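The values are calculated or read from the model by the stated rules, or taken from the named source; none is laboratory data. All values derive from a computational prediction rather than experimental measurement. Cβ: placed from backbone, ideal geometry, glycine included. Neighbour counts: every protein chain shown. For accessibility, only protein heavy atoms count, side chains too; no ligands or nucleic acids. Shrake-Rupley method; radii C 1.70, N 1.55, O 1.52, S 1.80 Å.
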Amino acid sequence: MQDVVLAMLAKEPAHGYELRSRLRAALGPLGEAMNAGQIYVTLTRLGKAGLVTSQRAEGLPDRPERRVYVLTPEGQQRVATWLAEVNWPKPDLAEFHLKLVAAATARLADPVTLVDAQRREVLRRLRDAQRAALDRSMDPVAGLLLEGVVLRLRADLEWLEACERLWAQHDPTGRKAGA
Amino acid sequence: MTGSTVLQARGLSMLYGGERALVRAVDEVDLNVPAGQSLAVMGPSGCGKSTLLYLLGGLQRPTDGEVWLADRRIDTMSERALARLRRDSLGFVFQSFHLMDELTAVENVELAALLAGQSPGRARKRAMYLLDRVGLADRARHLPSALSGGQRQRVAIARALSNEPLVVLADEPTGNLDSAATLDVLRLFEELRTAGQTLVVVTHDPRIAAVADRVIAMRDGAFVDDVASAATGTLYDGRR
Ligand SMILES: Nc1ncnc2c1ncn2[C@@H]1O[C@H](COP(=O)(O)OP(=O)(O)OP(=O)(O)O)[C@@H](O)[C@H]1O
Ligand SMILES: [Mg+2]
């Protein structure tokens, strides 16, 4: 979040609310749940770290709290570093995998039941993302993000199917299929 | 948007093979599909999705159980009555489109109505209306070979709608399509869903869930999960 806010300031100084609407526009439907508080908390942290400074905006006596945020040279340096960084966000599959292993070995729970619950959740997310992507009025830039979300969720579902296949065989009680 | 039961299965079973290698392709399935519901049945390859759909659509007879369409039991009907029922009350969509290669898009769509004895003028009018509805009015005189996969599937959907079916039954409708064409077909299904068309889709493609009111998970011939698609948004998961 910090890096993103910094990068959004790189073009020109901005008010907090401007940053928020820029972010929301870029995220499309995924940005709808983002609240203003997150931006201001982040800006405060960035200020303490010396990466941004702020000045009171002129001509708005009724909203004296309005500030314009500007990158410091350190902030600009950090943006450059962030852009050059190569990393890729990864969902933490290891934790879920270990949960299944623990559930099975300690007989804490049926791993297949855990997989089922997880699959429902992933399917629900996939449905929402795909539904949003069906909207023709979607801004293509925000739509591109949704496409990525959909692809990853599909991959997650495939992996969950593989989990189910394996753990269904390992489960000593066998799988009970109820309608 | 859902009402009385349109399609129902009770203890529906389909067994293949002899005693040695018995396959329970569909294993005592109970199902109620209310009018206006858009239902997706999902499951891995070989779990019995196609078999289930064929049983529901009267394309195949079960070894056990019952299928009801509206208030008529169809699994015991004569072949002739079944054929008439499929023609008058059901719409089918298949993975490989099943269009007639030598007929144009509009001819494919109007064919069933012509065979049912409708006047050519009326059949053509309705076919053109349906092609317009699936966004292909300007492709009406093209042969299937001159259409993309997604366009062919949309023609097939228009054809499935030509008899104003009680239920549209679709088997892997996006199975042969790339992402963009899949989106077109999904949009169309979403329009059908909001228009209150009763729809049963069996598929491996989880994206179909986007256009379903209800998702059933199938394994080894049986239903293992049945989720009404909640209206709550889960797009934003709050993870950083
Ligand atoms: N005519 C047949 N004779 C014998 N076995 C059959 C026949 N048709 C299907 N089966 C078997 O019944 C089971 C269910 O098949 P079905 O085609 O319904 O699965 P499916 O879920 O549609 O799979 P896919 O996703 O690959 O299309 C499979 O084990 C299949 O081998
Ligand atoms: Mg099949």
| message | Leaving ligands and nucleic acids out of the surface, order A:Lys99, A:Lys90 by accessible area at 1.4 Å, largest first. | response | A:Lys90, A:Lys99
| What distance in nm separates the simple spin-label points at B:Ser96 and A:Met138, each placed 7 Å from Cα in the Cβ direction? | 3.2 nm
| query | At a 1.4 Å probe radius, carbon and sulfur cover how many percent of the accessible area of region B:5-228? | reply | 48 percent
| Highest-first arrangement of B:217-228, B:131-142, where packing means the average Cβ count within 10 Å | B:217-228, B:131-142
| request: Quick one: which residues, 5+ away or cross-chain, put their amide H under 5 Å from the amide H of A:His15? H built at 1.01 Å from N. | output: A:Tyr69
| note | Amide H contacts under 5 Å for B:Gln95, restricted to residues at least 5 apart in sequence or on another chain and with H modeled in the peptide plane, are B:Asp171
| message | In Å², and per residue, what accessible area does the protein assembly as shown have when probed at 1.4 Å with the other protein chains present? | response | 51 Å²
| Counting DSSP beta bridges with both ends in the protein assembly as shown, the antiparallel % (nearest 5) | 60 percent
| task | Evaluate the charge dipole of region A:70-120 about its Cα centre and quote only its size in Debye, nearest 20, assuming +1 on the Cβ of each Lys and Arg and -1 on the Cβ of each Asp and Glu. | result | 180 debye
| remark: When A and B pair up, the total accessible heavy-atom area removed from solvent (1.4 Å probe), in Å² to nearest 100, is 2900 Å²
| query | Hey, what's the Kirkwood Rh for the protein assembly as shown if you take every pair of different alpha carbons, in angstrom? | reply | 24.7 Å
| remark: Tilt, helix A:140-170 to longest principal axis of chain A (alpha-carbon atoms), in degrees rounded to tens, equals 30 degrees
| query | Other chains near A:133-142: what is the mean number of their Cβ atoms within 10 Å of each residue's Cβ? | reply | 2
| task | Scan around B:Gln37 for amide H atoms under 5 Å from its own, H built in the peptide plane at 1.01 Å from N, and keep only partners 5 or more places away or cross-chain. | result | B:Gly3, B:Leu199
| query | At a 1.4 Å probe, which residues in region B:169-187 are at least 50 Å² less accessible with all protein chains present than in their chain isolated? | reply | B:Arg187
| task | Quote the Stokes-Einstein diffusion coefficient, in whole µm² s⁻¹, for region B:5-120, based on the Kirkwood radius over alpha carbon pairs, a temperature of 37 °C and a viscosity of 0.692 mPa s. | result | 206 µm²/s
| Tell me, what ³J(HN,Hα) does each residue in region A:78-93 have, in order and in whole Hz, if you take phi through Karplus 6.51 cos²θ - 1.76 cosθ + 1.60 with θ = phi - 60° and put x for Gly and Pro? | 5, 4, 4, 5, 4, 5, 7, 5, 10, 8, 9, x, 10, x, 8, 6
| chain A - percent of accessible surface contributed by carbon and sulfur, probe 1.4 Å | 57 percent
| J(HN,Hα) series, region A:68-76, from Karplus relation 6.51 cos²θ - 1.76 cosθ + 1.60, nearest Hz, glycine and proline x | 9, 9, 10, 6, 8, x, 4, x, 4
| message | With N set to the number of residues, divide the alpha-carbon radius of gyration of region A:2-84 by 2.2 N^0.38 Å and report two decimals. | response | 1.08
| Could the peptides A:145-152, B:174-181 be put in order, highest first, of the mean number of other beta-carbon atoms found within 10 Å of their residues? | A:145-152, B:174-181
| Span from the region A:29-54 Cα centroid across to the region B:43-116 one, whole angstrom | 57 Å
| query | Net charge near B:Asn32, counting Lys/Arg +1 and Asp/Glu -1 over other residues with Cβ under 14 Å of its Cβ? | reply | -3
| message | Could you tell me the extents of chain B's C-alpha atoms along the three principal axes, largest first, rounded to whole Å? | response | 60, 50, 36
| In Å², nearest 10: area of A:Trp159 left accessible to a 1.4 Å probe | 80 Å²
| note | Kirkwood radius from Cα pairs of region A:16-141 plugged into Stokes-Einstein at 20 °C, 1.002 mPa s, gives D in µm²/s equal to 113 µm²/s
| task | Determine the distance separating the Cα centre of region A:81-125 from the Cα centre of region B:119-194; give it in Å without decimals. | result | 39 Å
| request: Calculate the dipole size of region B:5-228 relative to its Cα centre from +1 charges on Lys and Arg beta carbons and -1 charges on Asp and Glu beta carbons; express the result in debye to the nearest 20. | output: 680 debye
| Neighbourhood charge, 12 Å Cβ-Cβ cut-off, centred on B:Arg154 and excluding it, Lys, Arg +1 and Asp, Glu -1 | +2
| message | On the principal axes of its Cα set, how long, how wide and how thick is region A:92-168? Give whole Å, largest value first. | response | 50, 18, 17
| message | What's the magnitude of the charge dipole for the protein assembly as shown around its Cα centre, counting Lys and Arg as +1 and Asp and Glu as -1 at the beta-carbon? Answer in Debye, nearest 20. | response | 580 debye
